[in-house]
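The values are calculated or read from the model by the stated rules, or taken from the named source; none is laboratory data. The structure displayed is predicted, hence computed values, not measured ones. Neighbour counts run over all protein chains shown; Cβ positions are idealised from the backbone, glycine included.
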Amino acid sequence: MSGAVRAQLADGRWHFQHGPIDCILFAEGESGAAAECVERAWLRFRGLLAELVGELPLLRLDLSSPEGAAAAPVGPVACRMVAACRAHATGGRFLTAMAAVAGSVAEELIGCFAEPRIRRAYVNDGGDISLHLAPDASFEVGLFTDPAHGLAGLPLDGSFRVDAASPVRGIATSGWRGRSFSLGIADAVTVLATSASRADAAATVVANAVDVDDPRIVRRPAGAVRDDSDLGERLITCAVPRLPEALVAQALESGRRVALREIAAGRIVAALLCLQGRAVACGANALLKETCP
Amino acid sequence: MSDTPEGFAPRSDGQPVVLEHSRAPERMAADKVRCEACPVLCQISPGKLGACDRYGNVDGVLTRTDTLALVVQPGTDLVAWQAGRETGGWDGSLVSDAPVFVSGLGATTTYPDYKPAPFIVASKHEGVDMVTVVTEGIFSYCSFKVKIDTDRYLGPEQATVRHRGEAVGHVSTIEYGSQFLALGGVHHLTGGSKKEGRVACEMMMALGNREPVELQIEGGASVIVAADKPPVVDGVEERRMRVGCGSATIGIFAPQWHGQVDEVVVVDDHITGVLSEHQAGKFLDMAPTGIRLRGRKSTPGRYFQVASPGSGWGGTDITDPLSIVEGWEAAHGARPGLRMLMVSTTGEDSGWYVLDEALVPQPAEMPDGVRRVVERIGENCEPSLCSVLYVAGAGGSLRAGVTDNPVRLTRSIKSLLVNVTCGGAPVYVWPGGGITVMVDVARMPAASFGSVPTPAIVSPIEFTMRLDDYRALGGHMDRVQQLERVIAAGGWRTVEGAAGNPWPLERLRGGGR
């Protein structure tokens, strides 16, 4: 078995990888501080996957079931996952704590950078990002409305600024094209929240809600696509054909209702929903207005 | 995963407890593989990926799917080699004669290529500092030349070749014993309908990855081709190439038949041979037999148009060999008791006949001595195979990923200062302008070919040269990284170089001085 590995990228950022976890870390601050914090994060990272695996059966429970409702994990990352997801698993709505795994890992690692000598830092775990900002600092965050645009080397579809005064410290993206499975058809739903674990859970839920019934959308049982998926035999989205305008609008509207509910409940700050070249921004419109393609 | 893996628990210091051994659970289905690359310990069904998307179950073998491929010299234990390096401590200098070559496979691309290639790797070979520029090229201008060893008729020259109903190529020339097809190419990828492009791209990717591809030839056969596999023509697997045309077969085996036969007819769709009339028979003083054969007589003992191409004897439409014999003339040597062998050019079909009193050939039991020669024809037929050569033009923007003055790269390749490889496999660089390479896909690592939706083919390509030469041709010197560092960064898998491939660092003019 190979352990966690890390490598420094040409631009100075670090790549930590262990099994399914891929994190990119960036930090800047007083001389030597960033390197110190990266070492601390590395020590924390090396044991992290083992911790999660130790509690995996618990983390794969449907939190809306009686067993899930009673789930009380021990590890700090697992606790954060459950806390972020439990709020969404009400009224019999299926959700496992795995919906927030990436954001929760990013949030755990950003804790290693939370000190005054660090001006700015981020941990990006496969698109779910946790931020650290000193009082006067800010991050400019670039956005693609479709993951394929990024891979094709196209220019950014938009960008927004997160400054220290904003409550936002977590940014997460979910959609059927990403590495995780989605029950919906959104190309990408990006959520801003006060923490990465909250953003991650909410992005999953909102992306699931961007959906319409159409026989041309290819859906397959999660278990048929990947062994041991926590989604069991639920139908996940595997291919979405070009849809008529009306259906795109309908799917976005259904996602928007859920996003607005999340904003009203105070669980997220803002969301951007993208589907086939159209985008809908909810909440903190000032923050997101530049992103609309 | 349904259970916590036994013996796996977080330690108080946060370090994972590594299992001494990890036995697959007895309940695991037999066709699954258990991945022990990380503590998740995925049990992966055939054709699926583990939780990390990096490891998958490919035909029952745990396979790393998306990483940089390091080609290692056959028989090399990379782990042991690396361990040896580490005990000495790495001082940042170039490694010495690493048995490892970073291939473009999995390297990804920097298209559009004004950016330096993803990997520009420095290593040492026999004391000389070398650099290899590694990338995956996106090729619209590329195709496959397929050689199919068969004498069966596949279709008329220039006929359209279809895959899943779409035009994907055409029938090219016939060389000795083999039919060539030209498949793929920019015209089909981007010049026709969207569907044609997509189907052509899928076909090309499969062909490059040595998978079987079914092709329909307009006005001809349906054929399944796969690199290094026998062709399947109209559902029948081809086994042998013919030993030669009918005349050549006579020429080769005449002395071995001499004394055991009075006549031999070698049935062929091109040139059918008749021993007694053939120069070889005359040389052995064989008597005339008065045989009258169908077809057009060429030089003595050689007949054209005896048969049409087909799936009968020796790639002809003949199923009853006697149908090509039009008669026997007593005045010219035909006589009762005359013994005749009829045989195809592969030795797969044969018959032994003796003329009766009415000069009608009657089937008879073939003498052992004659049968042995028939068997020798078969023995001399090489196995029929499909060989798939990939042709790609790398003369475009891809060169900018190597140097800021692309024409110097082209010139350096032509003057053999730069060795081009595809996944570590040797290539033939065509003379003339541009960098047009041709490579046998069987010598490339498995699954070397990918695609992008353009549609276009993605394939690995590497340029290896001396570090000095790289500097001289305007290389991206600031992007050169040590091989050690590429290895230390992880995210790679090793593939063994195909046996017989020259080591990519050894082919340079003046290399290894």
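Kindly list, by first and then second residue, each pair from a residue in the range A:161-180 that is over 18 Å from A:P20 (Cβ atoms) and free of Cβ contacts under 8 Å to residues at least 40 places away in the same chain to a residue that is of a type in the set (S, T, Y) and part of a strand (DSSP E or B), limited to pairs with Cβ atoms under 6 Å and residues at least 6 apart or on different chains.
Short answer, once both residue conditions are applied: A:D163/A:S138.
Only one of these conditions is not met by B:R376: (1) more than 30 Å from B:M444 (Cβ to Cβ); (2) without any contact (Cβ under 8 Å) to a residue 24 or more places away in the chain. Which number is it?
Every listed condition holds for B:R376 apart from (2).
Based on what the data block shows, is A:G103 under 23 Å from A:I263 (Cβ atoms), away from chain B (no Cβ under 14 Å) and modelled with pLDDT of 95 or more?
yes
When residues of the range B:145-167 are filtered for being of a type in the set (V, I, T), assigned to a strand (DSSP E or B) and closer than 19 Å to B:K229 by Cβ, how many remain?
3
If a residue must be of a type in the set (K, R) and more than 11 Å from every other protein chain (Cβ to nearest Cβ), how many such residues does the range A:1-39 contain?
1
Pull out all pairs, ordered by first then second residue, where Cβ-Cβ is under 9 Å, the residues are six or more apart or on different chains, the first lies in the range B:397-426 and is under 25 Å from B:V72 (Cα atoms), and the second is in a helix (DSSP H, G or I) and among the hydroxyl-bearing types (S, T, Y).
Every condition considered, the pairs that remain are B:V402/B:Y470; B:V418/B:S412; B:V418/B:Y470.
Among the residues of the range B:396-411, write down those that are in contact with a strand residue (DSSP E or B) (Cβ under 7 Å, 6 or more places away or on another chain) and not hydrophobic (A, V, I, L, M, F, W, C).
B:G401, B:T403
Within the range B:268-324, how many residues are crowded, with 17+ Cβ neighbours inside 10 Å and in a helix (DSSP H, G or I)?
7
Kindly indicate the residue of the range B:39-63 that is touching a Phe, Trp or Tyr at 6+ places or on another chain (Cβ under 9 Å) and at the interface with chain A (Cβ under 10 Å from one of its Cβ atoms) and also modelled with the lowest pLDDT among those meeting that condition.
B:P39
Would you confirm whether any residue within the range B:437-458 is hydrophobic (A, V, I, L, M, F, W, C) and touching a Leu at 6+ places or on another chain (Cβ under 6 Å)?
yes
Looking at A:V210, A:V168, which is the one that is β-branched (V, I, T) and modelled with pLDDT of 95 or more?
Of A:V210, A:V168, the one residue that is β-branched (V, I, T) and modelled with pLDDT of 95 or more is A:V210.
Has the range B:270-291 got at least one residue that is aromatic (F, W, Y) and over 37 Å from the mean Cα position of the chain (by Cα)?
The answer is yes; a qualifying residue exists.
Among (1) assigned by TED's automatic domain parsing to the domain that holds B:G295; (2) out of contact with any helix residue (DSSP H, G or I) (no Cβ under 9 Å at 6 or more places or on another chain), which single condition is B:F253 missing?
In the conditions (1) assigned by TED's automatic domain parsing to the domain that holds B:G295; (2) out of contact with any helix residue (DSSP H, G or I) (no Cβ under 9 Å at 6 or more places or on another chain), B:F253 misses (2) alone.
Helices (runs of 4 or more DSSP H) wholly in the range A:1-88 with at least 1 residues that are crowded, with 23+ Cβ neighbours inside 10 Å and touching a residue at least 40 places away in the same chain (Cβ under 8 Å) - which ones?
Filter on the range A:1-88 gives A:33-46, A:48-54, A:56-59, A:76-86.
Each row is one residue, and each column tells you yes or no for (1) closer than 30 Å to B:T346 by Cβ; (2) touching a Gly at 6+ places or on another chain (Cβ under 9 Å); (3) at pLDDT below 90.
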residue	(1), (2), (3)
B:G378	yes, yes, no
B:C381	yes, yes, yes
B:V388	yes, yes, no
B:L398	no, yes, yes
B:T403	no, yes, yes
B:R408	no, yes, yes
B:S412	no, no, yes
B:S415	no, no, yes
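For the subset of the range B:169-197 comprising residues that are surrounded by 17 or more Cβ atoms within 10 Å (Cβ to Cβ) and among the β-branched types (V, I, T), which member is modelled with the lowest pLDDT?
Ranking the candidates gives B:T190 first.
Here is a check on your reading of the model: is B:Q158 crowded, with 24+ Cβ neighbours inside 10 Å and of a type in the set (S, T, N, Q)?
No.
Counting only residues that are over 20 Å from the mean Cα position of the chain (by Cα) and in a loop (DSSP other than H, G, I, E, B), which one in the range A:189-225 is nearest to the other protein chains (Cβ to nearest Cβ)?
Checking each candidate, the answer is A:R216.
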